[in-house]
Amino acid sequence: MKTSSTFSILFWVDFSRVKNNQASLYARITVNGKRAVISLKRKILISGWDVHKNRAKGTSQKSRILNSYLDETYNHLFQCYRDLKAENKLITAQAVKARFLRVDDAHRSVTDIIAYHNEDMRGKLKWGTQKNYFTTQKYVSKFLLKTYKSSDMYLSELDYDFIIKFEKFLRSYVPEDHQQRMGNNTVMKHIARFRKLINLSLKLGWIQRDPFINFESKYNKTERGFLRLDELQAIEEKSFATTRLQLVKDLI
């Protein structure tokens, strides 16, 4: 059964905290009698506020700019309310405020799911697995900076094109500690780990569609052979400048 809700927006000045004859501006959202307040990060002279119109007095440039900002804020808040209604979400004053401030699930980002995963998996995953996730996350960050000139993106912005571009980035990326590009299976493993982060986002309800839905992972079959005695001897006598390779040698 659908229920209607009452919704109102009011701009007001907090006259209880006046400093240098100025007071802060706020927006008050009311849904079904429940309120939420948003600081507009603006101040106004107490003599310049019209308490009846809830707008700045006069027609000076400063007043017109402030009133224009208030009109834009009103429209934005009302659109947030309409969007929540269209999405069949529970509409509360706090929900409208969260949507306006972009802190609700609709505005969760890539770094949000990475942070959530790292915290949730702490103590659950072995260090080696955690380290692999950290490496994948590092490549995601590098990819965002190079391709989108941004340190983050909303999860809702991710699509099939994003996944394809990420795969291409991984295949062309040359790691800093050596000059060899990643092999196909290494690329697929990084994508698989990122895919798990996206699946977690879906389970949490942070996104509504899966950007991986049309993506197919393709691994190359590999058969590991055994080293000959002379090959083992050559490795034993070899000294590597790279710490990572030297460690691998010591494990053989």
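The values are calculated or read from the model by the stated rules, or taken from the named source; none is laboratory data. Predicted, not measured: the structure shown is a model, and the values here were computed from it. No Cβ is skipped: glycine too gets one built from the backbone with ideal geometry, and neighbour counts run over all protein chains shown.
Among the conditions (1) at pLDDT 75 or above; (2) under 41 Å from the mean Cα position of the chain (by Cα); (3) basic (Lys, Arg); (4) more than 17 Å from Met153 (Cα to Cα), Arg209 misses just one, which is (4). The set of residues from segment 38-48 being in contact with a helix residue (DSSP H, G or I) (Cβ under 8 Å, 6 or more places away or on another chain) and either assigned to a strand (DSSP E or B) or not small (Gly, Ala, Ser) (or both) comprises Ile38, Leu40, Arg42, Ile44.
Pick out, from segment 49-138, the helices (runs of 4 or more DSSP H) lying fully within it that include 1 or more residues that are farther than 16 Å from Val31 by Cβ.
Working: elements: 61-86, 93-101, 110-120.
Helices (runs of 4 or more DSSP H) meeting the threshold: 61-86, 110-120.
Can you find, within segment 163-177, the residue that is modelled with the lowest pLDDT among those that are exposed (fewer than 15 other Cβ atoms within 10 Å of the Cβ) and closer than 26 Å to Leu125 by Cβ? Checked segment 163-177; the qualifying residue modelled with the lowest pLDDT is Asp177.
With respect to Arg171, determine if the residue is closer than 15 Å to Lys146 by Cβ and assigned by TED's automatic domain parsing to the domain that holds Ile114.
Values: closer than 15 Å to Lys146 by Cβ: yes; assigned by TED's automatic domain parsing to the domain that holds Ile114: yes.
Here the answer is yes, as Arg171 does meet what is asked.
Residue pairs whose Cβ atoms lie under 9 Å apart, separated by 6 or more positions or on different chains, with the first residue in segment 159-174 and among the polar types (S, T, N, Q) and the second modelled with pLDDT under 95, are Ser172/Arg181. Only one of the numbered conditions (1) modelled with pLDDT of 90 or more; (2) more than 21 Å from Gln208 (Cα to Cα); (3) part of a loop (DSSP other than H, G, I, E, B) is violated by Asp152, and that is (2).
Of the residues that make up segment 170-185, is at least one aliphatic (A, V, I, L, M), farther than 24 Å from Arg99 by Cβ, assigned to a helix (DSSP H, G or I) and within 16 Å of the chain's Cα centre (by Cα)? First the steps, then the outcome.
Filtering segment 170-185 for residues aliphatic (A, V, I, L, M) gives 170, 174, 182.
Subsequent filtering for residues that are farther than 24 Å from Arg99 by Cβ retains 170, 174, 182.
Those still in the list that are assigned to a helix (DSSP H, G or I) too: 170.
Retained after the next criterion (residues that are within 16 Å of the chain's Cα centre (by Cα)): none.
Checking segment 170-185: not a single residue is aliphatic (A, V, I, L, M), farther than 24 Å from Arg99 by Cβ, assigned to a helix (DSSP H, G or I) and within 16 Å of the chain's Cα centre (by Cα).
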